[in-house]
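The values are calculated or read from the model by the stated rules, or taken from the named source; none is laboratory data. Worth saying up front: this structure is predicted, and the values here are computed from it rather than measured. All Cβ positions, glycine included, derive from the backbone under ideal geometry; neighbour counts span all protein chains shown.
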Amino acid sequence: MIGNKARMNKTKRNISLLSLAVIIGAAYLLWHGQNGQHPEEQALEQSTESTSESLVGTEAELIAEFEEAEQDPLEPPFAQQQTQPLGEVETRSIRKRLNEQEPLPHDVPLDRFKASLWAEIQKNPPDIPDRGDPDVDAELAYQTYLFYGNCSIAPRTASNLDYRLKQITSRSDGRDERYLERMERAAEQAFSFYELCLAIPPDVDARLEAVNWMGEAVRLGHEIAEVQYYEKAMGFLLRRDRWQNSPPIAMMYSGLIQEFKSTARFALSRALEKGHPEAYLAMSQAHIDGVIFQIDPVLAMAYVRVAELESMENRSIDARIARQKDRVSEQLSPDQLAEADELANRLRLGESV
């Protein structure tokens, strides 16, 4: 069994050159091999699996609109079920806790709270603040991240919108009434997003702004940003622009990867202090990816076991936990699985591993 000191050194070790290559290599693969295509056609070819976890707010239905419609012509855009927002009372309670820097209850499903915030933003878009403005608090920083994040995949020019509407209506021939109604809703939502995102100047890269504002929310102590920064920011780093034919921002901006690594490690350390089960799940993934920590499947299994134990009152992430356990367990022997269980117990007691 690996000793405490050795495992501590592993968890604190800085990212290696190989891990840097993981990010750059992934960005390179997403970007190259697309010559000769219209950028709007390219936007329909990237797989859902690699990006659906990187977006915010209504990520499942947005991905369905821009990508899955071409992959599955039998289903119209926005066919996937939307994340159900929390009620107004629950949303106010969570916002109050966040404003008072109180830890969230473990039974709060983070994506449902985000869906509530996004619904509010759509009804009453915030004035976009300047980063560094002393009046910006954690909640405003997080709302600004949501705004830029969802706008990063929306049509933001008249030509983009025209292309998207033509794409939707091109499938209308021979469809039944139910299908046509869903296509109409998809067209309405595309136009709604276009109008909403006009507030962002066309030369602004919304992906970069989303990463920067989520980092700002982390620095200001927003708990959901702390829990989800690693997963979501990584997605923005690797995703190419769906409309402007520009590469992933990991390939475009010097120093962005180092800033991401530093912020991600800080965010996860803060999130673990507050003990939300989704923080343990994120930590598990980080120890499988090998980007901000060394790859360590035993520790990854220990963290996902803690997530499982801490999520007894939050059934909304059961499926994610089960998938993570299956992925990690394939890499471990019975002895290593037993070691992971022992480490999980120590983690729950707040011991160093």
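Run down Pro76, Pro109 and say which single residue is in contact with a helix residue (DSSP H, G or I) (Cβ under 6 Å, 6 or more places away or on another chain), more than 24 Å from Thr144 (Cβ to Cβ) and at pLDDT below 85.
Result: Pro76 is the single residue among Pro76, Pro109 that is in contact with a helix residue (DSSP H, G or I) (Cβ under 6 Å, 6 or more places away or on another chain), more than 24 Å from Thr144 (Cβ to Cβ) and at pLDDT below 85.
I'd like to verify a number: residues in segment 142-155 that are within 17 Å of Phe191 (Cβ to Cβ) and either among the aliphatic types (A, V, I, L, M) or crowded, with 24+ Cβ neighbours inside 10 Å (or both), how many?
2
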Subset of segment 181-218, residues hydrophobic (A, V, I, L, M, F, W, C), under 23 Å from Leu165 (Cα atoms) and buried (at least 17 other Cβ atoms within 10 Å of the Cβ), comes to Met183, Ala186, Ala187, Ala190, Phe193, Leu196, Cys197, Ile200, Ala206
Here the residues within segment 286-308 that are surrounded by fewer than 21 Cβ atoms within 10 Å (Cβ to Cβ) and under 20 Å from Asp111 (Cα atoms) are Glu308
Conditions (1) more than 15 Å from the chain's Cα centre (by Cα); (2) part of a helix (DSSP H, G or I) -> Arg156 fails only (2)
For Glu231, the lone unmet condition from (1) touching a Lys or Arg at 6+ places or on another chain (Cβ under 7 Å); (2) modelled with pLDDT under 95 is (1)
(Q) Here is a check on your reading of the model: is Ala250 over 28 Å from Ile317 (Cα atoms) and either touching an Asp or Glu at 6+ places or on another chain (Cβ under 7 Å) or in a helix (DSSP H, G or I) (or both)? (A) yes
Condition (residue is crowded, with 16+ Cβ neighbours inside 10 Å and not in a helix (DSSP H, G or I)) applied to segment 258-268: is it met by at least one residue? no
When you scan segment 116-137, do you find a residue that is modelled with pLDDT under 75, more than 16 Å from Gln189 (Cα to Cα) and assigned to a helix (DSSP H, G or I), even just one?
no
Conditions (1) in contact with a helix residue (DSSP H, G or I) (Cβ under 7 Å, 6 or more places away or on another chain); (2) free of Cβ contacts under 8 Å to residues at least 40 places away in the same chain; (3) surrounded by fewer than 19 Cβ atoms within 10 Å (Cβ to Cβ) -> Arg323 fails only (1)
Only one of (1) over 29 Å from Leu86 (Cβ atoms); (2) modelled with pLDDT of 95 or more; (3) surrounded by 19 or more Cβ atoms within 10 Å (Cβ to Cβ) does not apply to Asp335, and that is (3)
Pairing a residue in segment 107-128 that is buried (at least 16 other Cβ atoms within 10 Å of the Cβ) with any residue that is at pLDDT below 85 and hydroxyl-bearing (Ser, Thr, Tyr), where Cβ atoms lie under 6 Å and the two sit 6 or more apart in sequence or on different chains, gives Pro109/Ser316; Asp111/Thr83; Ala115/Thr83
Checked segment 301-353 for anything among the small types (Gly, Ala, Ser) and either part of a helix (DSSP H, G or I) or in contact with a strand residue (DSSP E or B) (Cβ under 7 Å, 6 or more places away or on another chain) (or both); matches are Ala302, Ala307, Ser316, Ala319, Ala322, Ser329, Ala338, Ala340, Ala344
